[in-house]
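Working notes, structure below.
The values are calculated or read from the model by the stated rules, or taken from the named source; none is laboratory data. Being a predicted model, the structure only gives us computed values, none of them experimental. Cβ atoms come from the backbone with ideal geometry, glycine included; neighbour counts cover every protein chain shown.
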Amino acid sequence: MKNKPLLLLLILSLLLGGFACGTKNEIGETVAPVYLVVSAIQPLHTTPVYDISKHFGDVNFNGLPLDEVVLVELTNDFKDPLTTTPSSYQDIIVTSYRVSFARTDGGIDAPSAFEEVINYRIPCGDTISLDKLVILKAHQKLQPPLEFLQPWSLGFEPSTNYISITCQALIEFSGETVTGEQVFAGGSFMITFMDYSDSE
């Protein structure tokens, strides 16, 4: 397969630089006394590819497109490093998140961005885990450009002629403290979509 060396390169680059933890209140420094921080993003799907444990991005798993999900850890951190006594007034309510994609493989079209309403409370100085946070919906795998990678479609992306699509995914969280001060945080990671082998 002429694209196999490129695919191996994409996989290696993904494994080396796959996940970057997030930023805190980057959308302008807010007046809130605390930071919202994306402290970790972890994949929940793995597929063996060339004997490498490869995280998600499978456009067709045993004939079905599935939601892509991650585990995200969010931390409510003190702005003042001398603060040692948390207050419930500094708790954060996370109210929404937005996921967007940018191609990194030379292609043009990327999966559509979307936003979801959520409701999680993070006590001041604490960390919570959002299990199975959806970062791509199953139906998006049946729409361009991911549709092109399906076995019943072209099987390759027309603008690059690759059998895969590699993107940087950005998750942005919004919320506020219980006293109404806005907070923001974001985290990004790389993801390579293709029709991976379903055999274990």
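Any residue that is more than 27 Å from Ser39 (Cβ to Cβ) and of a type in the set (A, V, I, L, M) - is there at least one of those in the range 169-182?
Looking for residues that are more than 27 Å from Ser39 (Cβ to Cβ) and of a type in the set (A, V, I, L, M), one finds none in the range 169-182, hence no.
For Pro151, state whether it is within 14 Å of Arg103 (Cβ to Cβ) and surrounded by fewer than 16 Cβ atoms within 10 Å (Cβ to Cβ).
When the stated conditions are applied, Pro151 does not pass them.
If I ask for residues that are surrounded by fewer than 21 Cβ atoms within 10 Å (Cβ to Cβ) and not polar (S, T, N, Q), which ones from the range 172-183 would you list?
Glu176, Val178, Gly180, Glu181 - these are the residues of the range 172-183 that are surrounded by fewer than 21 Cβ atoms within 10 Å (Cβ to Cβ) and not polar (S, T, N, Q).
Among the residues of the range 69-83, are any modelled with pLDDT under 90, aliphatic (A, V, I, L, M) and within 16 Å of Leu136 (Cβ to Cβ)?
no
How many of the residues making up the range 184-200 are in contact with an Asp or Glu (Cβ under 6 Å, 6 or more places away or on another chain) and either surrounded by 22 or more Cβ atoms within 10 Å (Cβ to Cβ) or of a type outside the set (Ser, Thr, Tyr) (or both)?
Adding up the residues that qualify gives 1.
For the range 140-160, which residues satisfy the criterion of being more than 12 Å from Phe193 (Cα to Cα) and aliphatic (A, V, I, L, M)?
Answer for the range 140-160, where residues must be more than 12 Å from Phe193 (Cα to Cα) and aliphatic (A, V, I, L, M): Leu142, Leu154.
Can you go through Asp77, Asp109, Asp91, Asp67 and tell me which one is over 17 Å from Met190 (Cβ atoms) and touching a helix residue (DSSP H, G or I) at 6+ places or on another chain (Cβ under 8 Å)?
On the way: Asp77 fails: touching a helix residue (DSSP H, G or I) at 6+ places or on another chain (Cβ under 8 Å); Asp109 fails: touching a helix residue (DSSP H, G or I) at 6+ places or on another chain (Cβ under 8 Å); Asp91 fails: touching a helix residue (DSSP H, G or I) at 6+ places or on another chain (Cβ under 8 Å).
It is Asp67.
Hey, could you check the range 28-63 for residues that are among the aliphatic types (A, V, I, L, M) and within 18 Å of the chain's Cα centre (by Cα) and say which is modelled with the lowest pLDDT?
Step by step, filter the range 28-63, then rank; the result is Leu44.
Just one of Leu146, Leu136 is crowded, with 21+ Cβ neighbours inside 10 Å, under 30 Å from Leu36 (Cα atoms), touching a helix residue (DSSP H, G or I) at 6+ places or on another chain (Cβ under 9 Å) and not charged (D, E, K, R); which is it?
Unique residue meeting the criteria: Leu136.
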